[in-house]
1. Tell me whether the range 63-77 contains one or more residues that are under 9 Å from the mean Cα position of the chain (by Cα), acidic (D, E) and at pLDDT 85 or above.
2. Can you find a residue that is touching a residue at least 40 places away in the same chain (Cβ under 8 Å), closer than 15 Å to I41 by Cα and either assigned to a helix (DSSP H, G or I) or in contact with a helix residue (DSSP H, G or I) (Cβ under 7 Å, 6 or more places away or on another chain) (or both) anywhere in the range 65-72?
3. If a residue must be assigned to a loop (DSSP other than H, G, I, E, B) and more than 13 Å from A46 (Cα to Cα), how many such residues does the range 85-131 contain?
4. Quick one: T53 ticks every box in (1) in a helix (DSSP H, G or I); (2) modelled with pLDDT under 85; (3) surrounded by fewer than 19 Cβ atoms within 10 Å (Cβ to Cβ) except a single one, so which number is it?
Amino acid sequence: MTRGGEQTGRWFDDAAGPVVRPYAMTRGRTRSAAEGKLDLIAVVVADAVSHRTVTDQTLSPEHIDIVEMSRDTPQSVAELAAELDLPVGVVRVLIGDLLHAALVRVSRPVPPAELPDERILREVINGLRAL
């Protein structure tokens, strides 16, 4: 097809890219109740659940993928988003759903500002050696 001398192509299945928009996966939601807990380095761990996730009709395939991926190995939010090839915002909403359903747990690494000072740790080690 040409329009004004320009070649315009039509999109066909694969060339069109993803047909379902990310907001359809999240039912239009852009935030979850657990938004504050879900930064990029937050670690997601699936709880030891039975086959409930597979039979739960309220879970999307993406929800199930997140549970399966984090069941054997804890995964960060960024790793899950990369593995699922989804925007981080979408993955945060999906993880929030799983948190609400008690299918996963989220832990956050200790911020560097809250870690003990290296100087104090060295003094403790030296003190223990002196005993």
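1. no
2. no
3. 11
4. Exception for T53: condition (3).
The values are calculated or read from the model by the stated rules, or taken from the named source; none is laboratory data. The model shown is predicted, which means the values in this text are computed figures rather than measured ones. Using ideal geometry, Cβ is built from the backbone for each residue, glycine included, and neighbour counts are taken over all protein chains shown.
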